[in-house]
1. Contact list please: Cβ distance under 7 Å, first residue in segment 664-683 and at positive phi, second residue outside any strand (DSSP E or B) and crowded, with 24+ Cβ neighbours inside 10 Å, pairs at least six apart or on different chains.
2. Tell me which residues, restricted to segment 382-421, are in contact with a Leu (Cβ under 6 Å, 6 or more places away or on another chain) and either within 24 Å of Ser512 (Cβ to Cβ) or in a strand (DSSP E or B) (or both).
3. So is Gly529 touching an Asp or Glu at 6+ places or on another chain (Cβ under 8 Å), part of a loop (DSSP other than H, G, I, E, B) and open to solvent by 10 Å² or more (accessible area, probe 1.4 Å) or not?
4. Give me a count of the residues in segment 653-706 that are open to solvent by less than 20 Å² (accessible area, probe 1.4 Å), among the hydrophobic types (A, V, I, L, M, F, W, C) and in a helix (DSSP H, G or I).
5. Filter segment 446-469 down to residues that are part of a strand (DSSP E or B), in contact with a Ser or Thr (Cβ under 8 Å, 6 or more places away or on another chain) and touching a residue at least 60 places away in the same chain (Cβ under 8 Å), then give me how many there are.
6. Identify all residues within segment 612-622 that are in contact (Cβ under 8 Å) with a residue 24 or more places away in the chain, open to solvent by less than 60 Å² (accessible area, probe 1.4 Å) and assigned to a loop (DSSP other than H, G, I, E, B); write none if there are none.
7. Residues of segment 235-265 being over 17 Å from Leu310 (Cβ atoms) and in contact with a Gly (Cβ under 9 Å, 6 or more places away or on another chain), which ones?
8. Looking at segment 470-487 only, could you name the residues that are in contact with a Leu (Cβ under 8 Å, 6 or more places away or on another chain) and part of a loop (DSSP other than H, G, I, E, B)?
Amino acid sequence: MIQNPFRKFDLENMKHSSDQLNQTMDFSGEVSKRLVIFAIIISLLFGAVFVRLFQIQILDHDEYTIKMENFNTKTQSSSTPRGQIYDRNGKVIAATVVSHNIIYTQPEDITTEERWELAQKFAAAFNVDDNELSTSQRKDLYIFKHTLLSVSDPSYACNDLMTEEELSDYKNKVWGDDTESRRTEILYERITEEMLDNELTDEEEAGYVVYARMISGTSGQSKTILEDVDDDTVANLVEHKGDFPGFDIDLGSWKREYPYGDTLRDVLGNVTTSTQGVPAELADYYQALGYPLNARVGSSGLEYQYEGLLSGTQKVSSIEYDEEGNAIIQEKTSGKKGYDIYLTIDIELQKELDKVVKETLEEAADNPYRQDFTSLFVCLMNPNTGEVYAMSGYQRNKETNKVTPFASGNYLSYTNPGSIVKGATLYMSLNEGVVEPGEIIVDEPMHILGTPVKASYKNYGAIDDVKALEVSSNVYMFNIAIRLAGATYVPYQSLGISDPSSTFALMRQYYSMFGLGNVTGLDVPNEVGGYVGYSTEAGKLLDFAIGQYDMYTPIQILQYVSTIANDGTTVKPHLFNYATEVNSTNVVASYENQVVSTLSGNIDYLERVQQGFRACVTSGNCGSAINALSEDVAGKTGTAEVGDSTSTAFIGYGPYENPNVAFACVAPTSSDTGTNLQSNVCTTEVMGPVLDKYFSIMNEDNKDTD
């Protein structure tokens, strides 16, 4: 039988095709599964994206809108109007008034060259004074000009002023963190005045005044370029605003004015301008309190002391940019004006005091025996509360005879007190039992071996303790010092004091109880403590007893006499009275009178001191002008030899039976000594009219309250 050869082939072929088909079907199934899985994954991803978009655009829309605004918006803080300072009767002595400033807010993407060109253009258009630059700023300008040169120029960035070794050290940062400051120091040393004069033009210097302010402080914040500009300047900028991108008018600024001129100015202190901002030496302090570097702050005096009350809260603004890159400033938080503060000062009394003190010092220039009389200080306060009523001081330039205010000298300078300390010396002697009340000592010259004759101004003969204060007996006080040291005076012999140091310590302890030698705590910055004599020679004890050894400030001397007036209680002097909200009687802070200490020992002995002070006035030893006052006054004069000159002083209080004022007048080196000794200006010229003014004011106030 003949077989079909193709049949076998077909069957085999079919079998082979079937296997291929099965393989194809298996592969297709696998692909389909993968596609399904891939589709599921894609769907899940799209679902996640959809959910996230829904969350961002619907659920969290407000939150992300705020984040976007914060990313594109900068914020800045600026000072709100400062609180005013009033005297005790509500008269403004430091006013806050509206002023207009020109500010600059940097546009986006401005180059250094464009900013420099704009600064020069502005300076020329608005007549900026080129003389405002300091020497160091002129050197900064010189360096800056050279940074605008080509990098290939040998003079680029003043590199030609440095040695190759210095340049290498600079580029390799060998100087570490001091790299830039060290480079600047080197360049400052090598840039001469001649180089500055030859290469800097007046126009460039005026332009750099503006440029330095444009780049000062915190980046991205508005900078004050010109302060307190007039209406014509405002109109000029508004008219040509398109020519000066970034420049604008701040109509809400303020400035300080002082209605009473120089009266108490150095005590009131200063406030920085917007262009000055926070002083460099106080930057850490103010930044720790949250102040921006461009903030206007108190930099001295009471403005600094009470910054926290006067400054208020900062105004916060946002800075955004339009499509052209120009800044748009919008207020976010208006802030709050500072509190007004009221002082204990009576400005009318202060004016009279200033007038008398200034004229007394001016007239001294014509007296050949007062040529060293270059300063005079007077202060008055309530001895019961510590309220300072007035505080005046002036100093005279010996070359020009110009007299300038120095009221802060009452707590920043010290002087030899002289005989005014004898009240404390007597109280100490009575309390220590080295002298009995009413004890008689003969006032006659004392001859101590190896020492010049020690005597009083006159020989007063037999006197008691009260008389000793009345006539200001040195001899009585010398005997007290000798007895305190455990010695006995024998004419023409040595005192034999072996250990004077313990007596010095005892005397300082007593003087300190009265406030002498201590920082009083007056609410002002930088009050000084005084000067302590360093010698422990036995003979110095005698000088110490009459006020010619340690030195004290006028305010310490005022606290001392107030302690006597206040029956042995020492109170802290103060200038701050209370603070109120703006345009309100609502008191937000007030001063609570503080007792510092009370004299230890038998306070009854203080009455002997008070009697001696009163006798000084009634006898005429404190001057006829004082004895002629409408109210009874107690007081004590003082003189101290200082080289070839004599310092004088006068302290006291009144009315005698119920004191409401204590005073201290100190006139360092106010006279020649010896036969050319001049009168005590404090008793003859100063305190008479001043106390008369005080009692007049007091009596008028009493009438108003009746």
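1. Once the first residue is at positive phi and sits in segment 664-683, its partners that are outside any strand (DSSP E or B) and crowded, with 24+ Cβ neighbours inside 10 Å give Thr669/Phe373.
2. So in segment 382-421, the residues in contact with a Leu (Cβ under 6 Å, 6 or more places away or on another chain) come out as 388-390, 392, 394, 396, 403, 407, 411.
If the condition is that a residue be in contact with a Leu (Cβ under 6 Å, 6 or more places away or on another chain) and either within 24 Å of Ser512 (Cβ to Cβ) or in a strand (DSSP E or B) (or both), then Val388, Tyr389, Ala390, Ser392, Tyr394, Arg396, Val403, Tyr411 are the ones that fit.
3. Numbers: touching an Asp or Glu at 6+ places or on another chain (Cβ under 8 Å): no; part of a loop (DSSP other than H, G, I, E, B): yes; open to solvent by 10 Å² or more (accessible area, probe 1.4 Å): yes.
Taking the combined requirement at face value, the residue does not satisfy it.
4. Of the residues in segment 653-706, 7 are open to solvent by less than 20 Å² (accessible area, probe 1.4 Å), among the hydrophobic types (A, V, I, L, M, F, W, C) and in a helix (DSSP H, G or I).
5. Residues flagged as part of a strand (DSSP E or B), in contact with a Ser or Thr (Cβ under 8 Å, 6 or more places away or on another chain) and touching a residue at least 60 places away in the same chain (Cβ under 8 Å) within segment 446-469 amount to 1.
6. Ser619, Cys622
7. Pro245, the sole residue that qualifies.
8. Ala485, Ala487
The values are calculated or read from the model by the stated rules, or taken from the named source; none is laboratory data. Keep in mind the model is a prediction, meaning the values are calculated, not measured. All Cβ positions, even for glycine, are placed from backbone atoms using ideal geometry, and neighbour counts span all protein chains on display. What goes into the accessible areas is simple: the full protein's heavy atoms, side chains included, and nothing from ligands, DNA or RNA. Shrake-Rupley method; radii C 1.70, N 1.55, O 1.52, S 1.80 Å.
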